1. Restricting attention to the range 328-367, which residues are open to solvent by less than 20 Å² (accessible area, probe 1.4 Å) and without any contact (Cβ under 8 Å) to a residue 24 or more places away in the chain?
2. Inside the range 272-285, can you point out the residues that are among the small types (Gly, Ala, Ser) and open to solvent by less than 50 Å² (accessible area, probe 1.4 Å)?
3. Do we have any residue at all in the range 20-29 that's of a type outside the set (S, T, N, Q), more than 18 Å from the chain's Cα centre (by Cα) and in a helix (DSSP H, G or I)?
4. Considering only the range 242-260, I want to know if a residue exists there that is touching a His at 6+ places or on another chain (Cβ under 8 Å), surrounded by fewer than 23 Cβ atoms within 10 Å (Cβ to Cβ) and on the phi < 0 side of the Ramachandran plot.
5. Of the residues in the range 244-279, how many are under 20 Å from Gly212 (Cα atoms) and polar (S, T, N, Q)?
6. Taking Val378 and the conditions (1) open to solvent by 50 Å² or more (accessible area, probe 1.4 Å); (2) at pLDDT below 90; (3) β-branched (Val, Ile, Thr); (4) assigned to a helix (DSSP H, G or I), which numbered condition does it fall short on, given that it satisfies the others?
7. crowded, with 23+ Cβ neighbours inside 10 Å and not polar (S, T, N, Q): does that describe Ala225?
8. In the range 148-168, how many residues are closer than 13 Å to Gln19 by Cα and surrounded by fewer than 19 Cβ atoms within 10 Å (Cβ to Cβ)?
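The values are calculated or read from the model by the stated rules, or taken from the named source; none is laboratory data. Please read these numbers as outputs of a predicted model, since none were measured by experiment. Heads up, the Cβs are rebuilt from the backbone with ideal geometry, glycines too, and the neighbour counts pull from every protein chain shown. What goes into the accessible areas is simple: the full protein's heavy atoms, side chains included, and nothing from ligands, DNA or RNA. Shrake-Rupley method; radii C 1.70, N 1.55, O 1.52, S 1.80 Å.
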Amino acid sequence: MFTVIRTAWALLLGMFLLQIGNGLQGTLMGVRGAIEGFSTFELSLIGSAYFVGFLGGSRMAPKFIASVGHVRVFAALGSFISAIVITYPIVTEAWAWMLLRVGLGFCLSGVYVTAESWLNNSATNETRGQSLSAYMLMQMMGLVAGQGILAAGDPSGWILFIIPSILVSLSFAPILLSAVPTPAIEATRPMSLRQVYDASPFAVIGMLFMGGVFAGQFAMAPVYATEVGLSLGQLSVFISSFFIGAIVLQYPIGWMSDRMDRRTLIIGASALGAAVAMAGVFLADSYLALLIIAALSGGLAQPLYALLLAYLNDYLAVEDMPAASGGMIFVNGIGAIAGPPIMGLLMGQIGPGGFWLFLAAVLGGVAAYGIYRMTQRVSAYVEEDNYDSVPYANIMPGAASAVAVETAQELYIEAAEEMAEEGGDDAEEETHL
């Protein structure tokens with residue numbers, strides 16, 4: 001880990017600052033939108049617009065990088081992000097915010113592609129896993145830190161929009177000034193969505209649902225907190241609880257993932273997450289209960305992104321894994337686009353409780369479909385003494401591009417090849433991410 005920090009400190013510091021600004025503006029949208037009189041459904045469309053841009057950016061950024069290079073793309077997108085954030089209080093119209101959020105998602109997706117390419121290029125085979133873990137941890141910590149700044153400001157004024165603009169501008173300085181060689185972008189062999197679905201229907205449907213869960217948590221939690229009457233300080237702690245829970249629980253869940261049937265773990269975590277979300281419907285009057293529910297909800301839901309990707313790998317040939325990651329990102333993006341509007345409609349019909357009810361229904365749907373799939377296919381899990389030798393790679397949904405996902409796939413491939421050399425040709429079929 002010390003080697004990772006020494007070689008990638010500029011990138012890690014830059015992404016930490018960027019995510020402080022991103023976390024702050026993301027929560028601020030819900031609070032300021034309520035002040036401006038936007039309806040719950042309008043706010044849900046604003047939240048969804050981010051993921052429209054993110055999905056588009058993940059596909060277009062590699063083409064831009066191939067045309068003009070990493071440095072120019074990185075600097076240009078950083079300038080756009082800073083300008084977009086400062087534009088929100090100038091044009092306080094719902095339609096304008098939707099367009100701005102599309103642009104923000106597009107630019108951030110391109111930044112992630114660039115940063116993760118740099119990180120992957122600077123890592124060695126021995127440090128790639130630690131590099132990815134450190135990168136995701138800094139992303140999470142930045143999002144949490146952004147909530148602390150929100151609690152100290154006035155959402156009705158300008159200062160909370162100026163601060164993330166400054167942080168975003170500063171975040172690119174250590175990266176652009178560091179003497180790190182620019183990496184190459186390599187295209188992977190394509191794999192159709194139908195082929196990915198045929199490999200594992202449960203992984204694809206689960207990823208679709210989890211896109212809606214994460215987008216709902218990220219985009220609509222501030223709206224929910226505002227509607228139930230939380231103060232600004234309480235709201236910032238509430239939002240932070242989702243990410244703190246994910247930080248704390250990702251490692252125990254990852255540890256279990258390497259030692260048991262992943263399908264059973266996904267079903268269990270989804271079912272428990274659905275039960276926790278249902279508790280939120282009835283315990284909204286208790287602030288302490290809301291914090292616990294938020295932490296458990298984030299901690300149980302966010303690791304499922306990596307688990308579903310790992311589960312898909314259990315049914316793929318090694319050479320197909322990088323190509324399949326693109327299909328999974330697309331499916332997750334579709335779910336993320338659809339999630340906030342559906343949640344917004346539900347909240348508009350039944351009130352703030354619709355936030356938790358949506359999460360419970362979708363997570364329950366993942367568990368139910370997983371149970372159904374158990375009747376259709378025997379698990380790929382095989383108990384072997386060497387099962388836990390392949391590392392779990394944490395990936396944060398909504399803050400990772402195809403490069404991070406493919407890096408996690410590379411970790412699996414390297415481990416599979418090592419185990420195949422040690423145990424013969426059949427060992428490769430028994431490895432798990």
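1. Within the range 328-367, Gly354 is the sole residue that qualifies.
2. Result: Gly273, Ala274, Ala277, Ala279, Gly280, Ala284.
3. Going through the range 20-29, the residues of a type outside the set (S, T, N, Q) turn out to be 20-21, 23-24, 26, 28-29.
After this cut, where a residue has to be more than 18 Å from the chain's Cα centre (by Cα) as well, the list is 28-29.
Filter again for in a helix (DSSP H, G or I), leaving 28-29.
Within the range 20-29, one or more residues are of a type outside the set (S, T, N, Q), more than 18 Å from the chain's Cα centre (by Cα) and in a helix (DSSP H, G or I).
4. Taking the range 242-260 as the starting set, the residues that turn out to be touching a His at 6+ places or on another chain (Cβ under 8 Å) are 257-258.
Cutting the leftovers down to surrounded by fewer than 23 Cβ atoms within 10 Å (Cβ to Cβ) gives us 258.
In the following step, the residues that additionally are on the phi < 0 side of the Ramachandran plot were identified as 258.
The answer is yes; a qualifying residue exists.
5. 2
6. Here Val378 clears every test but (4).
7. Numbers: crowded, with 23+ Cβ neighbours inside 10 Å: yes; not polar (S, T, N, Q): yes.
So Ala225 fits the description; yes.
8. The total comes to 2.
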